[in-house]
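Worksheet: the structure to be examined is printed underneath.
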Amino acid sequence: MARMIKTISLPPHLHEKADQIKNFSGWVQDRLEEEGSIVHTAAHRPIPALGICNGVRRPTCAECYPHGAPTRDEWLNFRSEENPSIENLQSVIVERLEGFVDLSTKFRVVKVRPSFLNRLKNAYSTFKES
């Protein structure tokens, strides 16, 4: 996986906080990945013909997608169905998220972040090779 370098500027008080965070780069990566999966209660704007909000629009609607947003492919498959079923779309989302998310709550609570799993797998494979 190619890595890209981003530079940020911080005011002095945030610079001090950033210095206290171990693995600041990993922390930023985790926050960016979480941002895409956050659901919002004020984002409800359903498409009249479907009765559900656009699944790929951000922020994600918590009312229509209580377990998180569909991926782009899941949304396109849902829209291409002749008689789209909201229940089928929700079951696809739940199936994909099982193991990563506590699905018993209305709002997503991430148990283990995918980026953490990727770093863990990379560390394990590096360890295994040595």
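Mind checking which helices (runs of 4 or more DSSP H) fall wholly inside region 43-130 and carry at least 1 residues that are among the charged types (D, E, K, R), surrounded by fewer than 13 Cβ atoms within 10 Å (Cβ to Cβ) and modelled with pLDDT of 80 or more?
Numbers: elements: 72-80, 86-97, 114-129.
Once the helices (runs of 4 or more DSSP H) in region 43-130 are filtered for at least 1 residues that are among the charged types (D, E, K, R), surrounded by fewer than 13 Cβ atoms within 10 Å (Cβ to Cβ) and modelled with pLDDT of 80 or more, what remains is 72-80, 86-97.
Within region 22-42, take every residue that is modelled with pLDDT under 80 and β-branched (Val, Ile, Thr) and give me the one that is surrounded by the most Cβ atoms within 10 Å (Cβ to Cβ). Restricting to residues being modelled with pLDDT under 80 and β-branched (Val, Ile, Thr), the top hit is Val39.
The values are calculated or read from the model by the stated rules, or taken from the named source; none is laboratory data. Computed from a predicted structure; not experimentally measured. Because the Cβ atoms are built from the backbone with ideal geometry, glycine has one as well, and the counts that use them run over all protein chains shown.
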